[in-house]
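The values are calculated or read from the model by the stated rules, or taken from the named source; none is laboratory data. All figures in this text were calculated on a predicted structure; none of them were measured in a lab. Every residue, glycine as well, gets a Cβ built from its backbone with ideal geometry; the counts of neighbours run over all protein chains shown.
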């Protein structure tokens, strides 16, 4: 199992770790701050460094509790100590987008009872799919305005852990229409104070002011009760 350092510190830019497995271009470390692709988030990129030699990390994935860092031409061996360095500009954009999409989903849920049917965070633009019964552009525009007001108010974003049974008793903790939180004893909770609370495993900013403004780009019909909104940050 790889220890996931980003779960407790989203702002960790560098770390030291030990190589525990090598398979072709992929390197498994005993701990990592690189977030793997999954859960609607892209992977982190960056570099692994040993004795001044830097190798690019181009893809990161998770498999059976192990995080695989694809670093072509790495030349590392099991037991090596390496320094991991994240592409911080990319990671910080992902964090801002991720916290923003939580806030947006929460306001949609509050205003229309909508649940999330899909989402994808990217560094340039992101999308959120919702089970809205009808295409109501006035409602969508209003939700974006309200979300931006909430973000600008500077709400604290807290990360903590709760026993699964206790967490699932919290109203609104699950906002996914067709999925439940992972079957683990303790759930990681991301709470935007006074606005949103969700079980979530990805990196976030510490205050909603860091997100900036969500800018609606496009709205699409994706089925009888499914609407997709695309947005970027300003």
Please find, within the range 205-234, the residue that is nearest to the chain's Cα centre (by Cα) out of those that are farther than 13 Å from residue 151 by Cα and surrounded by 20 or more Cβ atoms within 10 Å (Cβ to Cβ).
-> 231
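Residue by residue, here is whether (1) within 19 Å of residue 107 (Cβ to Cβ); (2) touching a strand residue (DSSP E or B) at 6+ places or on another chain (Cβ under 6 Å); (3) at pLDDT 95 or above holds:
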site	(1), (2), (3)
144	yes, yes, yes
159	no, yes, yes
192	yes, yes, yes
200	yes, yes, no
210	yes, no, yes
221	no, no, no
227	yes, yes, no
Restricted to the range 59-103, and to residues that are out of contact with any strand residue (DSSP E or B) (no Cβ under 7 Å at 6 or more places or on another chain) and assigned to a loop (DSSP other than H, G, I, E, B), which residue is farthest from residue 203 (Cα to Cα)?
-> 75
With the condition kept exactly as written, say whether any residue in the range 120-130 is on the phi < 0 side of the Ramachandran plot and in a helix (DSSP H, G or I).
-> no
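Conditions (1) under 30 Å from residue 208 (Cα atoms); (2) loosely packed, with under 13 Cβ neighbours inside 10 Å, marked per residue:
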{"residue": "8", "(1), (2)": "yes, yes"}
{"residue": "11", "(1), (2)": "yes, no"}
{"residue": "20", "(1), (2)": "no, no"}
{"residue": "28", "(1), (2)": "no, no"}
{"residue": "38", "(1), (2)": "yes, no"}
{"residue": "55", "(1), (2)": "no, no"}
{"residue": "70", "(1), (2)": "no, no"}
{"residue": "79", "(1), (2)": "no, yes"}
{"residue": "91", "(1), (2)": "yes, no"}
Residue that is nearest to residue 205 (Cα to Cα), among those in the range 10-58 that are in a strand (DSSP E or B) and touching a residue at least 60 places away in the same chain (Cβ under 8 Å) = 41
Would you confirm whether any residue within the range 170-177 is more than 19 Å from residue 98 (Cα to Cα) and part of a loop (DSSP other than H, G, I, E, B)?
-> yes
Any idea which of 136, 129, 124 is touching a strand residue (DSSP E or B) at 6+ places or on another chain (Cβ under 7 Å) and surrounded by 14 or more Cβ atoms within 10 Å (Cβ to Cβ)?
-> 129
Those residues of the range 146-157 which are part of a loop (DSSP other than H, G, I, E, B) and out of contact with any strand residue (DSSP E or B) (no Cβ under 8 Å at 6 or more places or on another chain), in sequence order | 153
Out of the residues in the range 110-132 that are in contact with a helix residue (DSSP H, G or I) (Cβ under 8 Å, 6 or more places away or on another chain) and over 23 Å from residue 193 (Cβ atoms), which is modelled with the lowest pLDDT?
-> 132
Kindly indicate whether any position in the range 175-184 is over 18 Å from residue 214 (Cβ atoms), touching a residue at least 40 places away in the same chain (Cβ under 8 Å) and loosely packed, with under 12 Cβ neighbours inside 10 Å.
-> yes
